[in-house]
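Scroll down for the structure; my scribbles are underneath it.
The values are calculated or read from the model by the stated rules, or taken from the named source; none is laboratory data. Worth saying up front: this structure is predicted, and the values here are computed from it rather than measured. When we count neighbours, we look across all protein chains shown, and the Cβ atoms used for this are built from the backbone with ideal geometry, even at glycine. Calculation scope for accessible area: heavy atoms of the full protein, side chains included, ligands and nucleic acids excluded. Shrake-Rupley method; radii C 1.70, N 1.55, O 1.52, S 1.80 Å.
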Amino acid sequence: MLKRAFVVLACTHAALALAAPEGTFTEADYFAEQPVVLSASRLSQPVSRAPAAVTVITREMIEASGFRHLVDVLRLVPGFVVGWSGGNMPAAAYLGLSDAFPHWMQVMVDGRSVYNPAYGLTTWRGIPLMLDDVDRIEVVRGPNAANDGLNSMLGTVHIFTRHAATTQGGMSEVAGGDKQYKEANLRYGAETGNGSWRIGLLGREDERHGVPQDHATDVQLSFRGDHQLTLQDDLMLQFGASRGFWQGSNVGQLISEDQHTYYLSGSANMQWIRALGEGREWRLQAHHTLNQNEEDFLLPPQLDPQNGNYRTTASAVQFTYLDQRRPEWRTSLTGEYRLHRVRLPALLGSDAYLKDDIFRLAGAVEWNPSAAWVAHAGAMVEHHSAMGRGYLSPRLALNWLPSSWHAFRLGASQGVSALGLYANNTDIKATIGGVLIDQRYLSTRRLDPERIDSVELGYLFNKPEWALNLDARAFHNRISDIVDLQTIAFIDADGNPLDADGEVRTYVNAIDATQKGMEYQLRWHPGPKSWVVLSQSFVSRDADTENYVQSVPGQTLSLLAVHPVAGVDVSLGYYRIKEMFWIGGDRDKKSKYNRLDLRLAKDWTTGDGKIEAALVIQSLLGEEFESFAGALYDQQYFTRRGYLSLKYEFR
């Protein structure tokens, strides 16, 4: 596969050279430089000189897509699949191999990790963040554990919000449409003596699949302040809160059709940056996140009552030192302490908090012996008290830039998964009067962390005069010790059953898998306000069980194109994946979508601001089947729908 992919890259290189238009665009017009990214090593670097493949989703792409939920934006990244098990439970996975609780991808908002320490997943709907406040999203495609630690096995999503100085004045927006969709956004920002701030409020209601069990409402509040304390010191403060009422289950235990969840999330984030001069600086970051779930299980009356209530907290303090005094040598060094606490009585069998103390030390070195060569070495060492051991996640990469047009990258990396506290401490049972009737799930052993070994070959083509950019990657992933459920005997030493059926399901390290593939993203600006972004991935896969083979889509494709017509911005989004299976879902109902979205937007300048009206029609080609579990979520079809929005921004 890597050999074939290399041939494809070489052919693409030749085709681009032959197809170049002569002198149509200038470097000053478009793509004067490669995008500069921070997510791969904490050192700012053009993507052509980064140690990993990084996709940048810009504000323009987010607006043109017409998406209203943050998680859907990841459809624009090569290899990503997005599904919804219900109106409140979206999941995003890179290269598949996932159930409804993806835990191989770290997600961070302005450096604050937002994954749930109980399960390792991201509760996307509960992140208090308006899409309009997002500046850009950097997605590292491939293991990034050397920079972001455990749970970055397959990649990292870094979400950067807009500086408060860029959102001065007010903004109000209303949107409404099919499937009971309603949304209202309010935001106001102002300056202070030494900085600026903004506050935002979001209210949203919808039924994604058009059935009552999908009904969901959200209210979210967000704040960001940016202050220049001195000529050397910058301080950023963030606060956020989200309250949701969602039909269905938020813990993967849907027992009745009218089950519902009250979800609360709150966060605080502080980042202090001090410039030391001569290319040196340090950064101090501290953040805290609270997630709380209130969810009743409607069990038969003879059984003892249970619920899916949980409370998790994640607190962290991180210090980073950057030294970029010498252009040929650049380094970063980071130390971090994190504390995760989880209380989940019904599913962990205890009212007590489980905790995980995490100590991390990471470093990265970039050596630039010449303009044509860049060598990278990075690693993270971390210790988790819940797992009782430490882990090393290294990465090596070599970049060759033979000209300003072309860049090649060869990299190797390793990473592991922390699993979350749930898998190692599961204890789910049914009782009557405190007497055990059925032990459904039970952790019986300490699990080894899942592990990935990855090698990649990357190629980047960037020609500003042609307004053309290509980012391609061929990769080989070997993933071992994947955790899966297994049914075992639940008996005593004499062979007598300990519950009604004498069996229990437990988590074990049971699966190995390999992935070989190629992916690319092509960006082209044929005109000042016209552009196209095409992303595609091709993956061959092998695993110990057919479920895991089918959980990896053999092909994904996304296309987003924008062109103005008679003063109206017209954008088309096309999204396609080959048939795949979400692990734990109904095997007879595989996800396979072929989706076309249309957005029409028109804006008018007023004396004090701007008004924008937009019409979005989604799924023009018909139904998109979003399948996870089958029993109580049979009607999981994303059908054709539309909505109108009106936004007013003023100073």
### Query
In the list Val374, Val381, which residue meets the criterion of being within 30 Å of Leu468 (Cβ to Cβ), in a strand (DSSP E or B), in contact with a strand residue (DSSP E or B) (Cβ under 7 Å, 6 or more places away or on another chain) and among the β-branched types (Val, Ile, Thr)?
Val374
### Query
Are any of the residues in the stretch 471-494 more than 20 Å from Gln521 (Cα to Cα), free of Cβ contacts under 8 Å to residues at least 24 places away in the same chain and small (Gly, Ala, Ser)?
yes
## Note on the structure
Taking the stretch 532-573 and keeping only residues that are in contact (Cβ under 8 Å) with a residue 40 or more places away in the chain, within 24 Å of Arg68 (Cβ to Cβ) and surrounded by fewer than 21 Cβ atoms within 10 Å (Cβ to Cβ), one is left with Asp569
### Message
So for the stretch 435-452 (the condition being closer than 28 Å to Ala407 by Cα and open to solvent by 20 Å² or more (accessible area, probe 1.4 Å)), does at least one residue qualify?
### Response
no
### Task
Restricting attention to the stretch 390-415, report how many residues are part of a strand (DSSP E or B), open to solvent by less than 60 Å² (accessible area, probe 1.4 Å) and free of Cβ contacts under 8 Å to residues at least 40 places away in the same chain.
1
### Task
Could you pull out the residue among Ala472, Ala513 that is crowded, with 20+ Cβ neighbours inside 10 Å and under 24 Å from Phe408 (Cβ atoms)?
Ala472
### Message
For the stretch 209-228, give me each residue that is closer than 29 Å to Glu191 by Cα, out of contact with any helix residue (DSSP H, G or I) (no Cβ under 7 Å at 6 or more places or on another chain) and surrounded by fewer than 19 Cβ atoms within 10 Å (Cβ to Cβ).
### Response
Val219, Leu221, Phe223, His227, Gln228
### Task
Return yes or no: is Leu276 surrounded by fewer than 16 Cβ atoms within 10 Å (Cβ to Cβ), touching a Ser or Thr at 6+ places or on another chain (Cβ under 8 Å) and of a type outside the set (D, E, K, R)?
no
### Query
For Arg311, are the conditions met, namely being open to solvent by 20 Å² or more (accessible area, probe 1.4 Å), part of a strand (DSSP E or B), out of contact with any His (no Cβ under 7 Å at 6 or more places or on another chain) and under 19 Å from Thr123 (Cβ atoms)?
yes
### Query
Which of the residues that make up the stretch 449-491 are more than 30 Å from Gly585 (Cα to Cα) and among the basic types (Lys, Arg)?
Lys463, Arg473
#### Entry: Search result, residues across the stretch 371-402 that are of a type in the set (S, T, N, Q) and either in contact with a Gly (Cβ under 8 Å, 6 or more places away or on another chain) or at pLDDT below 95 (or both)
Ser385, Ser393
### Query
Within the stretch 446-454, is there a residue that is within 24 Å of Asp304 (Cβ to Cβ), of a type outside the set (D, E, K, R) and part of a strand (DSSP E or B)?
no
### Query
If you check every pair at least six apart or on different chains, which have Cβ atoms under 6 Å apart with a residue in the stretch 249-266 that is part of a loop (DSSP other than H, G, I, E, B) first and a residue that is among the aromatic types (Phe, Trp, Tyr) and surrounded by fewer than 21 Cβ atoms within 10 Å (Cβ to Cβ) second?
Ile255/Phe297
### Task
Being closer than 20 Å to Val483 by Cβ and either among the aromatic types (Phe, Trp, Tyr) or modelled with pLDDT of 90 or more (or both) is the filter here, so list the residues in the stretch 108-121 that pass it.
Tyr115, Tyr119
### Qualifying positions in the stretch 481-494 - part of a loop (DSSP other than H, G, I, E, B) and open to solvent by 40 Å² or more (accessible area, probe 1.4 Å)
Asp492, Ala493, Asp494
### Task
Given the conditions (1) modelled with pLDDT of 95 or more; (2) under 26 Å from Ala286 (Cβ atoms); (3) open to solvent by less than 50 Å² (accessible area, probe 1.4 Å); (4) of a type outside the set (Phe, Trp, Tyr), report the number of the one that Asp356 does not fulfil.
(1)
